[in-house]
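In what follows, a structure is listed as C-alpha cells, so that the remarks can point back to it.
Bear in mind these aren't lab numbers, they're just calculated from the coordinates by the rules spelled out. Bear in mind that the values here come from a model prediction, so they are computed numbers and not experimental data. Note that each Cβ is placed from the backbone with ideal geometry, even for glycine, and that neighbours are counted across all protein chains shown.
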Amino acid sequence: MSALKQTVRHLLGLDDDTAVVIQQLACAEPGCPPLETVIAVLPPGGPARRWTLHRPVEQVTDDDVRTLLATAPEGA
Ligand SMILES: [Zn+2]
C-alpha cells in the first residue's frame, strides 16, 4: 500500500504535512467485489478528500489511481 500512497502523493503534489490513508474495507453493495479500497487525503487544516475503488487494494494499479483522482472526491 505504501507504493500506492507515493503514487497519490506524487499525482496530487501533496506536501509532507498532508496524510494519505489507504484502507481495504469490506463492501456489502450487491454486485461489488467483497473488498474495496478507500483512499483518503487529509490535509492538516482540512478538508479531507476521499475516493473509493470497488476492488481489493492488490488489484489497484497506478493507472486506476490516476483516473480515480481526476474525478471529484466523494461528498464534494
Ligand atoms: Zn463496492
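Using 16 Å as the cut-off for backbone N distance, which residues of the stretch 29-46 belong to the label zone defined by a point 7 Å from the Cα of Lys5 along Cα→Cβ? Backbone N within reach: 38-44. Each Cα pair under 8 Å and six or more residues apart adds its sequence gap; the mean of these over the residue count of the chain is a relative contact order of 26 percent.
Report summary: the helix-based calculation at 222 nm, which adds -39500 (n - 2.57) for every DSSP H run with n ≥ 4 and divides by the residues of the chain, gives -7000 deg cm²/dmol. Rounded to the nearest 20 debye, the dipole magnitude of the chain is 60 debye, with +1 charges on Lys and Arg beta carbons, -1 on Asp and Glu beta carbons, and the Cα centre as origin. Take the Cα of Thr71, step 7 Å toward its Cβ, do the same at Glu29, and the gap between the two points is 0.8 nm.
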